[in-house]
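Enquirer: The structure is given below, and queries will be raised subsequently.
The values are calculated or read from the model by the stated rules, or taken from the named source; none is laboratory data. It should be emphasised that the depicted structure is a prediction, and the values quoted were computed from it without experimental measurement. Cβ: placed from backbone, ideal geometry, glycine included. Neighbour counts: every protein chain shown. SASA here: full protein model, heavy atoms, side chains in, ligands and nucleic acids out. Shrake-Rupley method; radii C 1.70, N 1.55, O 1.52, S 1.80 Å.
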Amino acid sequence: FSGAGKPPMYGDYEAQRHWQEITYNLPIRQWYFNTSDNNLQYWGLDYPPLTAYHSFLCAYIAKFINPDWVALHTSRGYESQPHKLFMRTTVFVADLLVYIPAVILYCFSLKETSAKKKASTCALCILLYPGLILIDHGHFQYPLSLGLALWAVLCLSHDWDLLGSMAFCLALNYKQMELYHSLPFFCYLLGKCFKKGLKGKGLVLLAKLAGTVLLSFAACWLPFGTDVEQIMQVLRRLFPIDRGLFEACMFSSPTRCPDKVANIWCSLSVLIKIKNVISPRTQLKLSFAVTFLSLLPACIKLTVQPSLRGFKFALVSCALSFFLFSFQVHEKSILLVSVPVCLVINEIPFMATWFLLVSTFSLLPLLLRDGLLLPYAVTTPAFLAVCLASFSILEKTSAEDLQLKAFSLSLKGHVAWFKAFPRVVRSLFLLSLALLAMLSVLSAALPPPQRLPDLFPVVVAVVSCLHFLLFLVYFNLVLLWDSRNRGQKKIS
């Protein structure tokens, strides 16, 4: 697992264990504060309250099994086979209770996959997505926020808007990175209110939604709500803007460069040392402005023409904009884009499979550092094989299959070019796979030059970023040129 046997920080496995230690042994008012018993420089809590409550629940069970696992101070860096089994079981239970049921129910609720065989195939492909498997069970993360977000999408697809709002509020209160998905939820529900009329049913729905959100947040933050300083301290831990534009690896050795993320800022820093040219405050403003402008068209489209299909594509587009342009992005944040892409794998299997393969590749430096080369080498080709067998993706590369027919017709005089479109797309896909495979082998097998110790991580980040920029253009084209909202129920 991540960081095993590597003091002084040990890795994300130790972070999860340490949060259990802190939440069980200290009063709530000390969970987010730096004290003699809670050194925030050693994996201090930096996720919202629901993560802390979940840690406390796991710690309560751990204390019952073996008190040494969560003993204050003395359990730091604790590693044993029984404890590893316990921790992995907690992740698996979270999968079984939250994430996997949401995936299965979502796939069986799709109109496009009404046949049980097709629904099962769709669910299998989503559950076999290697990025989530490797991060959840290899790098050691819990899938609860993504699972809750999926439940929210499932609820909205059945017009259970209040339940969907509550589920998404819970997701946001588990991990603040769910902000990547917040604008599509907001714009879709606001658009529904507008369609119903803000002088009648729409106003009632808007009031109910606002009340649901307020009550959900109040319930999650109740133990912290009695003290303004408590709330402000939690917020400071959730949004540490003083770290600068890049989400650097805070606990790496002084000689090691920060992690390379496949977004625009890290890629540009290869040519321009942004952190040396622009002040931290200006970096924050710049990233906010670029992120806002990049996701604005999708949000406007979804608000004006709310549809479930548009909502799902907006989830992809907005999350990808956040990943590419926002402030302090971590490599693992690509999962916040990948899960919404999984939701449309039945509609655009070719592009969805391509994106999911690239997203897994973008995690390669992190996976290599955590000793996950073999799982990466096994799960990625297996996922591709399943998608090839299930969806025959190489046969679905026409403009219509890729949901680009409306866009191609809008080009008028240039439509003839689209006759060669399927062949061009297939060729690009195969070239891309060959490039990803080659870079994977080189990263794993060759030592980097002494003068360029981060050569391979930088190349992986830049290549992945270029792919993601093209995907961002593609998903926006699909969303913005979708005037028919096919297969959607009329919002009344």
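Every residue, every condition in (1) open to solvent by 10 Å² or more (accessible area, probe 1.4 Å); (2) free of Cβ contacts under 8 Å to residues at least 24 places away in the same chain, yes or no:
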| residue | (1), (2) |
| --- | --- |
| Lys111 | yes, no |
| Lys118 | yes, no |
| Leu124 | yes, no |
| Ser145 | no, no |
| Ala152 | no, no |
| His158 | yes, no |
| Cys193 | no, yes |
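Enquirer: For segment 449-492, give me each residue that is at pLDDT below 90 and touching a Cys at 6+ places or on another chain (Cβ under 6 Å).
Expert: Within segment 449-492, just Asp454 meets the criteria.
Enquirer: Look at Thr397 and say whether it is over 16 Å from Ile135 (Cα atoms) and in contact with a Pro (Cβ under 7 Å, 6 or more places away or on another chain).
Expert: For Thr397, the condition - over 16 Å from Ile135 (Cα atoms) and in contact with a Pro (Cβ under 7 Å, 6 or more places away or on another chain) - is met.
Enquirer: With the requirement that a residue be under 20 Å from Gly11 (Cα atoms) and not in a helix (DSSP H, G or I), what does segment 129-158 give you?
Expert: Gln141, Tyr142, Pro143
Enquirer: May I pose another question? Could you please tell me which pairs satisfy a Cβ distance under 8 Å, a separation of 6+ or placement on different chains, a first residue in segment 280-304 that is open to solvent by 30 Å² or more (accessible area, probe 1.4 Å), and a second residue that is of a type in the set (Val, Ile, Thr) and in a helix (DSSP H, G or I)?
Expert: As it stands, the answer is Pro280/Ile241; Leu284/Ile241; Val290/Ile264, since those pairs meet every condition given.
Enquirer: In segment 48-101, what residues are open to solvent by 40 Å² or more (accessible area, probe 1.4 Å), under 21 Å from Lys6 (Cβ atoms) and part of a helix (DSSP H, G or I)?
Expert: Of everything in segment 48-101, those that are open to solvent by 40 Å² or more (accessible area, probe 1.4 Å), under 21 Å from Lys6 (Cβ atoms) and part of a helix (DSSP H, G or I) turn out to be Asp68, Gln81, Pro82, Lys84, Leu85, Arg88.
Enquirer: Considering only segment 324-382, state which residues are assigned to a loop (DSSP other than H, G, I, E, B) and either within 20 Å of Leu172 (Cα to Cα) or open to solvent by less than 10 Å² (accessible area, probe 1.4 Å) (or both).
Expert: Scanning segment 324-382 gives Ser326, Phe327, Gln328, Val329, His330, Val344, Ile345, Ile348, Leu363.
Enquirer: Next question. Of the residues in segment 160-180, how many are assigned to a helix (DSSP H, G or I), in contact (Cβ under 8 Å) with a residue 60 or more places away in the chain and open to solvent by 10 Å² or more (accessible area, probe 1.4 Å)?
Expert: Of the residues in that region, 6 qualify.
Enquirer: Within segment 436-453, restricting attention to residues that are part of a helix (DSSP H, G or I) and open to solvent by 60 Å² or more (accessible area, probe 1.4 Å), which residue is nearest to Ser392 (Cα to Cα)?
Expert: So the residue we want is Met438.
Enquirer: Here are the criteria: (1) open to solvent by 50 Å² or more (accessible area, probe 1.4 Å); (2) assigned to a loop (DSSP other than H, G, I, E, B). Tell me which single one Leu388 does not satisfy.
Expert: Evaluating Leu388 over (1) open to solvent by 50 Å² or more (accessible area, probe 1.4 Å); (2) assigned to a loop (DSSP other than H, G, I, E, B) leaves (2) as the failure.
Enquirer: Going by the conditions given, is Leu45 modelled with pLDDT of 90 or more and not in a helix (DSSP H, G or I)?
Expert: Answer is yes for this residue.
Enquirer: If Leu203 meets every condition in (1) open to solvent by 30 Å² or more (accessible area, probe 1.4 Å); (2) touching a Cys at 6+ places or on another chain (Cβ under 8 Å); (3) in contact (Cβ under 8 Å) with a residue 12 or more places away in the chain apart from one, which number is that one?
Expert: The single condition Leu203 does not satisfy is (3).
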